[in-house]
Amino acid sequence: MDLLRHIDRMIGFESDNPVAAKFSRERIKSVRSTIGVYYLAIIAPFLGIATVTWNHTSTRIVAGVLIAAVVLRFRHWVMPVSDEQSEALNPVAARMTGFMVTLLSCAQSYFYLSLALRSNGLPRPDMEWLQILSLGLLAALTQGAALTGIIFASRVIFFAFVLPLVLAVLYLFGSANPPASASVVILTAVSLFLAENSHRIQLRLFKAQYDADAALTRMERTNLELIEARRGAQHQAETDSLTGLRSRLAFIHDIEAKLDGGQCGLLAVIDLNRFKPINDLYGHYAGDVVLRQVARRLQRATPAGTVVGRLGGDEFGVFIGGSSCLEELPDLLGTCDRALVQLRKPMRLSNALVTVGGSAGACVLDGDAPDVGQALRDADAALYVAKREGLLTTKLFDREIREEHQRIHAIEAALMEAASIDQISLAYQPIFNLRTGELSSFEALARWDHPELGHISPAQFIPIAERLGTIRGLTLALLEKALDFASGWGTPHRLSFNLSAVHICSADAAQEIVDLLKRKGFPTAMLQFEITETAMLVDFDAARRNVDLLRESGCRIALDDFGAGFASLVYLREIPFDKVKIDGSLIKRARGQQGRDMLRGVIKMIAAMKLESVAEYIATIDDRDMARELGAEYGQGFHLGRPLDEEATLELLSRHRDEPIANIHTLTNWELAQHEARILDATDGARSFPRNGSR
């Protein structure tokens with residue numbers, strides 16, 4: 001094994017230099033193109049001498065060797081060899097080549113030397129020995145030139161053939177003609193130098209070519225990787241990874257391509273209605289399953305060629321193409337409505353059956369050079385109206401929505417101005433004890449009278465402030481105003497203040513409020529904060545942490561609009577509230593017997609949990625009497641008292657401060673009604689605030 005490894009190293013199959021090893025393999029592979037010249041350089045001079053020296057033993061021996069070599073290698077020369085069996089990959093064939101070069105060189109050296117020595121010993125030689133040696137030397141040099149790229153072959157020819165002939169020349173002829181002998185030595189050295197130098201030059205050229213090929217290969221590989229990366233990035237950018245739908249940008253591009261092709265269509269934006277509760281209750285994996293099912297249903301419910309994309313979160317976009325959209329509008333809207341019907345069907349999760357549903361806003365894309373981005377904003381504005389009105393069908397964008405949308409943009413711009421804080425004031429709506437008639441507290445309600453936009457309802461500007469991220473500063477500024485005003489009451493009446501859902505779920509909301517109370521020196525026992533269950537849907541854990549911190553500081557917490565949602569019971573169990581404000585929708589339904597029974601059960605449940613109850617939206621005497629009869633402790637509404645400005649609030653406080661509490665406790669129902677009527681009559685002339693947006 002060591003001998004074979006040494007032979008492989010000599011012929012180039014083992015080398016510390018990978019380029020040299022590769023070069024040796026390539027040169028060995030190239031023997032196929034030069035082997036004919038090599039054998040011709042052997043056979044031609046041999047035949048020229050053998051015709052007159054056939055009787056010599058050396059001639060017949062070498063002739064046999066040549067015949068055997070030709071027969072042995074004939075198939076190798078003429079038959080194509082597969083890449084798997086080529087000499088570049090097969091060291092056995094390379095060893096055979098090396099063996100044949102060695103054998104033929106030794107055989108020729110024996111042939112020419114034996115003839116030269118025999119001829120030199122004869123008194124009258126038939127052929128001059130110098131001619132024999134000269135012909136042999138020329139044959140050797142020709143063979144070395146034929147295999148000059150294969151360094152081990154050139155070296156074998158030199159040491160096994162050329163060197164013995166040169167030594168013979170020097171031995172037989174050196175003393176007779178020293179200059180000629182010196183010339184032979186120089187010629188031999190030059191031939192060896194040329195062979196070695198030619199090999200090094202070819203090796204350098206091969207290395208340059210090898211490096212160039214390697215660099216080209218790396219460049220091609222890099223280009224392929226870049227192409228694949230570009231394709232992957234493009235696919236990722238154009239496709240939503242979760243649902244497989246078109247991404248927002250690709251969705252817009254697809255619509256633009258269809259419009260450029262002469263199509264028109266209905267662009268609809270669909271937002272899921274009950275996705276977040278499912279996400280919170282069952283986890284994000286369940287939410288992902290719902291989104292994938294929604295994507296499949298939208299694709300199945302719309303005709304072929306419809307562009308369906310996920311615009312972000314639980315919002316989807318649908319573009320239904322047509323040829324004459326104004327004439328086809330009812331059909332296009334019908335298609336979108338049928339998609340909404342499919343979304344309302346129950347969806348099977350691994351451990352539950354859920355119903356999502358969705359709202360849709362749409363606009364028509366038609367005419368020259370339509371703006372898809374503006375169309376999306378218009379459809380989104382129509383979606384806002386659809387969600388607000390609880391529509392089960394697609395809401396089409398119209399002029400009324402455009403005007404409302406422009407007003408919303410104007411409100412957004414106004415909210416971003418520093419002067420908006422000074423324009424927003426507070427009204428204070430009284431809350432009464434329904435059993436005693438005693439004034440209990442005031443709820444601070446924001447009012448905004450803009451010099452250009454007129455009256456802006458809190459139902460409008462509070463959600464906008466939440467969306468813009470200005471709700472924190474607005475809440476703290478209004479709370480500071482309310483604290484400054486309530487500090488001068490001089491009575492034990494509480495101040496009730498509403499906290500935004502987004503604000504109560506921010507990380508440091510409660511701490512900011514506590515710091516403000518300490519700075520103002522306001523007694524926390526006089527302050528009550530109202531939060532809705534919407535806040536719990538935003539971030540339940542954050543809301544609970546903030547509520548706990550506010551209660552630890554001494555503030556009271558009320559759950560507002562109880563009964564308007566579907567998960568309030570969970571929040572009553574998880575968060576320690578002090579008071580529950582019953583939503584006005586339950587009060588209105590209680591005017592009928594079925595609603596009355598429901599309200600009675602709600603009030604009893606609140607009482608069983610040892611919480612105070614407040615009936616909101618008491619609009620008539622009947623509402624008040626019914627709420628008191630069913631067990632509600634407190635009441636609030638236009639019948640009991642409208643939202644008042646600061647002056648009217650102080651006047652109402654003064655009236656209740658002057659009335660003997662004992663007399664209020666002894667009033668009959670009729671007397672209590674008369675007493676409350678007097679209060680309302682007295683305050684009707686005060687500066688009250690508009691009903692829009694008030695309780």
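The values are calculated or read from the model by the stated rules, or taken from the named source; none is laboratory data. Please read all numbers here as calculations on a predicted model, not as lab measurements. Note: ideal-geometry Cβ built from the backbone for every residue, glycine included; neighbour counts use all protein chains shown. Accessible surface areas use protein heavy atoms only, side chains included; no ligands, DNA or RNA. Shrake-Rupley method; radii C 1.70, N 1.55, O 1.52, S 1.80 Å.
Only residues that are in contact with a Phe, Trp or Tyr (Cβ under 9 Å, 6 or more places away or on another chain) and assigned to a helix (DSSP H, G or I) were counted across the stretch 327-371, and they come to 0. Any residue at all in the stretch 385-395 that is more than 30 Å from Glu452 (Cα to Cα) and modelled with pLDDT of 90 or more? The answer is yes; a qualifying residue exists.
Within the stretch 581-611, how many residues are of a type in the set (Lys, Arg), outside any loop (DSSP other than H, G, I, E, B) and open to solvent by 60 Å² or more (accessible area, probe 1.4 Å)?
We begin by selecting, within the stretch 581-611, every residue of a type in the set (Lys, Arg); these are 581, 588-589, 591, 596, 600, 604, 610.
Retained after the next criterion (residues that are outside any loop (DSSP other than H, G, I, E, B)): 581, 588-589, 596, 600, 604.
Adding the requirement that they be open to solvent by 60 Å² or more (accessible area, probe 1.4 Å) leaves 588-589, 600, 604.
Result for the stretch 581-611: 4.
Candidates are the residues of the stretch 72-122 that are β-branched (Val, Ile, Thr) and modelled with pLDDT under 75; the one that is surrounded by the most Cβ atoms within 10 Å (Cβ to Cβ) is Thr97.
Among the conditions (1) at pLDDT 95 or above; (2) assigned to a helix (DSSP H, G or I); (3) of a type outside the set (Asp, Glu), Val614 misses just one, which is (2).
Is it true that some residue in the stretch 468-475 is buried (at least 21 other Cβ atoms within 10 Å of the Cβ), assigned to a loop (DSSP other than H, G, I, E, B) and among the small types (Gly, Ala, Ser)? Give the derivation first.
The first filter runs over the stretch 468-475 and keeps only residues buried (at least 21 other Cβ atoms within 10 Å of the Cβ), leaving 471, 474-475.
Then drop every residue that is not assigned to a loop (DSSP other than H, G, I, E, B), which leaves none.
Checking the stretch 468-475: not a single residue is buried (at least 21 other Cβ atoms within 10 Å of the Cβ), assigned to a loop (DSSP other than H, G, I, E, B) and among the small types (Gly, Ala, Ser).
Among the residues of the stretch 526-580, write down those that are at pLDDT 90 or above and in a helix (DSSP H, G or I). Residues satisfying the conditions are Met526, Arg545, Asn546, Val547, Asp548, Leu549, Leu550, Arg551, Glu552.
Before we move on, is Gly631 in contact with a Pro (Cβ under 9 Å, 6 or more places away or on another chain), modelled with pLDDT under 95 and not basic (Lys, Arg)? When the stated conditions are applied, Gly631 does not pass them. Just wondering, is there one or more residues in the stretch 505-523 that are within 23 Å of Asp583 (Cα to Cα) and at pLDDT below 95? Taking every residue of the stretch 505-523 in turn, at least one turns out to be within 23 Å of Asp583 (Cα to Cα) and at pLDDT below 95. Being open to solvent by 40 Å² or more (accessible area, probe 1.4 Å) and part of a strand (DSSP E or B) narrows it down to one of Arg310, Arg230, Arg296, Arg300, so name that one. Within the list Arg310, Arg230, Arg296, Arg300, the selection yields Arg310.
Every residue, every condition in (1) at pLDDT below 75; (2) surrounded by fewer than 17 Cβ atoms within 10 Å (Cβ to Cβ), yes or no:
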| residue | (1), (2) |
| --- | --- |
| Leu130 | yes, no |
| Leu147 | yes, no |
| Ala160 | no, no |
| Ser175 | yes, yes |
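Take the conditions more than 28 Å from the chain's Cα centre (by Cα), open to solvent by 30 Å² or more (accessible area, probe 1.4 Å), modelled with pLDDT under 90 and of a type in the set (Asp, Glu) and apply them to Glu400. Does it pass? When the stated conditions are applied, Glu400 does not pass them. Among the residues making up the stretch 318-336, those that are open to solvent by less than 40 Å² (accessible area, probe 1.4 Å), of a type outside the set (Ser, Thr, Tyr) and over 30 Å from the mean Cα position of the chain (by Cα) are Gly322, Cys325, Leu329, Leu332, Leu333, Gly334. Pairing each residue of the stretch 251-277 that is in contact (Cβ under 8 Å) with a residue 60 or more places away in the chain and aromatic (Phe, Trp, Tyr) with any residue that is open to solvent by 10 Å² or more (accessible area, probe 1.4 Å) and part of a loop (DSSP other than H, G, I, E, B), provided the two are 6+ apart or on different chains, yields C-beta distances under 8 Å for Phe275/Asp314.
Pairing each residue of the stretch 474-496 that is over 11 Å from Leu653 (Cα atoms) and modelled with pLDDT of 95 or more with any residue that is open to solvent by less than 10 Å² (accessible area, probe 1.4 Å) and acidic (Asp, Glu), provided the two are 6+ apart or on different chains, yields C-beta distances under 8 Å for Ser496/Glu443; Ser496/Glu530.
For the stretch 631-655, a tally of residues being surrounded by 19 or more Cβ atoms within 10 Å (Cβ to Cβ) and assigned to a helix (DSSP H, G or I) returns 4. There is at least one residue in the stretch 419-430 that is assigned to a helix (DSSP H, G or I), at pLDDT 90 or above and under 30 Å from Leu495 (Cβ atoms). If you go through the stretch 39-57 and keep only what is assigned to a loop (DSSP other than H, G, I, E, B) and of a type in the set (S, T, N, Q), you end up with Thr51, Thr53, Asn55. The one condition from (1) in contact with an Asp or Glu (Cβ under 8 Å, 6 or more places away or on another chain); (2) open to solvent by 50 Å² or more (accessible area, probe 1.4 Å) that His405 does not meet is (2).
Do we find that Leu365 is open to solvent by less than 70 Å² (accessible area, probe 1.4 Å), at pLDDT below 90 and touching a strand residue (DSSP E or B) at 6+ places or on another chain (Cβ under 6 Å) in this structure?
Numbers: open to solvent by less than 70 Å² (accessible area, probe 1.4 Å): yes; at pLDDT below 90: yes; touching a strand residue (DSSP E or B) at 6+ places or on another chain (Cβ under 6 Å): yes.
Yes; evaluated as a whole, the condition is true for this residue.
Within the stretch 442-451, does at least one residue satisfy the condition of being open to solvent by less than 60 Å² (accessible area, probe 1.4 Å) and basic (Lys, Arg)? The answer is yes; a qualifying residue exists. Residues in the stretch 503-525 that are in a helix (DSSP H, G or I), open to solvent by less than 60 Å² (accessible area, probe 1.4 Å) and farther than 21 Å from Val614 by Cα: His503, Ile504, Ala509, Ala510, Glu512, Ile513, Val514, Leu516, Leu517.
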